[in-house]
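Q: After the structure tokens below, expect a handful of questions from me.
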Amino acid sequence: MLLSGKGKESIEKVMEHGSVSSRINRCLIERERRRHMKSLSSQLSALLPPQPTKMSMPELVDQATAYVKELQQNLEKFKQMKVEMKEKRGPGCSKRSRKISPVLNITDLGSHLEVNLITGLNKRFALSDLISILQEEGAEIISAACQYTEDRAIYTILSQAIYPRIGIATSSVHERLKSLIC
């Protein structure tokens, strides 16, 4: 079929319009692809240790690869250390049966006093007993926490002096807490 005149011109316009629209479409797709890649590279960069300079994409991928390998090596090393520690403990020692001597640490922070007590699960204390001693010695409790791990209990108490001019008798608190835990 031969076209001449206006028919031929309209087909050429439609073809031009179609090619322009597909070119714009390709540009939009490419722009979105670049945005997505930039977002992914930013996320990857955020997962790596801080770097002094901005890296190119190949450098970023190389750095990420090296970092993942380093993390894998650390994981293997820690797994091996865990196995060695379990072997040293011996097969007859269960986590719960191991005796841990209590460790008491009292930090005088001026008008505040921080008490940290770590004990084995073989010797537990009521948090209220520790708090009572502190209150009897002139302390007001700001926060208190007790946390249990595999084989130990950790008590942390932060207190302040009820009367800041008088303060808290740290030595007396230490002696009373020592007598409680021993």
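Q: For segment 160-182, which positions are touching a residue at least 40 places away in the same chain (Cβ under 8 Å), basic (Lys, Arg) and surrounded by fewer than 15 Cβ atoms within 10 Å (Cβ to Cβ)?
A: Scanning segment 160-182 gives a single hit, LYS178.
Q: Determine whether segment 103-111 contains at least one residue that is under 15 Å from ARG152 (Cβ atoms) and either modelled with pLDDT under 80 or open to solvent by 60 Å² or more (accessible area, probe 1.4 Å) (or both).
A: Yes; the residues of segment 103-111 include at least one that is under 15 Å from ARG152 (Cβ atoms) and either modelled with pLDDT under 80 or open to solvent by 60 Å² or more (accessible area, probe 1.4 Å) (or both).
Q: While we're looking at this one, here's another question. Taking into account only those residues within segment 43-65 that are surrounded by fewer than 11 Cβ atoms within 10 Å (Cβ to Cβ) and of a type in the set (Gly, Ala, Ser), which is farthest from the chain's Cα centre (by Cα)?
A: SER56
Q: If a residue must be closer than 27 Å to LYS86 by Cα, aliphatic (A, V, I, L, M) and either in a helix (DSSP H, G or I) or open to solvent by 30 Å² or more (accessible area, probe 1.4 Å) (or both), how many such residues does segment 122-159 contain?
A: 1
Q: Answer with yes or no whether PRO52 is at pLDDT 80 or above, out of contact with any Lys or Arg (no Cβ under 6 Å at 6 or more places or on another chain) and in a loop (DSSP other than H, G, I, E, B).
A: Spelling it out, PRO52 is indeed at pLDDT 80 or above, out of contact with any Lys or Arg (no Cβ under 6 Å at 6 or more places or on another chain) and in a loop (DSSP other than H, G, I, E, B).
The values are calculated or read from the model by the stated rules, or taken from the named source; none is laboratory data. Because the structure is predicted, anything quoted here is derived from the model rather than measured. In this analysis, Cβ positions are derived from the backbone assuming ideal geometry, glycine residues included, and neighbour counts consider all displayed protein chains. Side chains are part of the model used for accessible areas, which takes the heavy atoms of the whole protein and leaves out ligands, DNA and RNA. Shrake-Rupley method; radii C 1.70, N 1.55, O 1.52, S 1.80 Å.
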